[in-house]
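The values are calculated or read from the model by the stated rules, or taken from the named source; none is laboratory data. Remember, it's a predicted structure, so these values are computed and weren't measured experimentally. Reconstructed Cβ throughout: ideal geometry from the backbone, glycine too, with neighbour counts over all protein chains shown. Heavy atoms of the whole protein, side chains included, go into the accessibility calculation; ligands, DNA and RNA do not. Shrake-Rupley method; radii C 1.70, N 1.55, O 1.52, S 1.80 Å.
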Amino acid sequence: MADDIAIYSKLVTRYAKQFLCIDCLGKELKCGREPIEKLIRYFRESGNCVLFR
């Protein structure tokens, strides 16, 4: 759940009050779930983004 909020905030807007799950965000962005999961792993491993700590 925290990853859903973090990636939505990172890719769409940090000011959102409602969020999409990873599957729905993938559909909305027309890329599917896998690229979003790769981004989450990247941001988490890089340690540079405070949303993924």
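Heavy-atom accessible area, probed at 1.4 angstrom with all protein chains present, ranks D4, D23 as D23, D4, highest first. Using only side-chain charges placed at the Cβ, +1 for Lys and Arg and -1 for Asp and Glu, the dipole size of the chain relative to its Cα centre rounds to 160 debye. Solvent exposure of R44, expressed as accessible area, is near 110 Å², computed with a probe of 1.4 Å over the protein chains only. Exposure check, 1.4 Å probe, all protein chains in place: L25 carries approximately 0 Å² of accessible surface. Straight-line cross-link partners of K30 among the aspartates and glutamates, defined as a Cα under 18 Å from its Cα and at least 8 positions apart when in the same chain: D4.
Counting only protein chain heavy atoms and rolling a 1.4 Å probe, the accessible areas of F43, F52, F19 rank, largest first, as F19, F43, F52. With a 1.4 Å probe rolled over the protein heavy atoms of all chains, the accessible area of Y42, Y8, Y15 falls in the order Y15, Y42, Y8, largest first. Gyration tensor over the Cα atoms of the chain: the corresponding equivalent ellipsoid has semi-axes (square roots of 5 times the eigenvalues, largest first) of 17, 14, 8 Å. 3J(HN,Hα) along region 35-51: x, 5, 5, 5, 5, 4, 4, 4, 5, 5, 6, 5, x, 8, 9, 5, 5 Hz, from the Karplus curve 6.51 cos²θ - 1.76 cosθ + 1.60 with θ = phi - 60°, whole Hz, x for Gly and Pro.
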